[in-house]
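All remarks here apply to the structure that follows.
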Amino acid sequence: MIDINDYIKNYSYLVEFSSEDEAYLAKCLELDIMAHGDSQEEAIQEIKEAVRVHLLMLLEDGDQIPQHKSMIVKL
């Protein structure tokens, strides 16, 4: 059985403040979905819920769940 929580915690997220929207925008890089919140914490909470729902829909439809991306950064 697939544990979607493992996917949620290993996916890559980007959180930025949008002056235009006057909100924090969070994006899951693997799934290319976004959520927003009044604070960074709220945006992170909202994107995790959006990812959870999206993954459940993929499973329900019999689609494959994308693996997390690994990034190597040289400094």
message = Can you say whether MET57 is exposed (fewer than 13 other Cβ atoms within 10 Å of the Cβ), without any contact (Cβ under 8 Å) to a residue 60 or more places away in the chain and not in a loop (DSSP other than H, G, I, E, B), as far as the supplied structure shows?
response = yes
key: Within the range 14-26, considering residues that are modelled with pLDDT of 95 or more and closer than 23 Å to GLN67 by Cβ, the one surrounded by the most Cβ atoms within 10 Å (Cβ to Cβ)   = ALA26
note = In the range 27-53, residues that are surrounded by 11 or more Cβ atoms within 10 Å (Cβ to Cβ) and closer than 16 Å to LYS69 by Cβ total 8
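The values are calculated or read from the model by the stated rules, or taken from the named source; none is laboratory data. As the structure is a computational prediction, the values presented were derived from the model and not from experiment. Neighbour counts run over all protein chains shown; Cβ positions are idealised from the backbone, glycine included.
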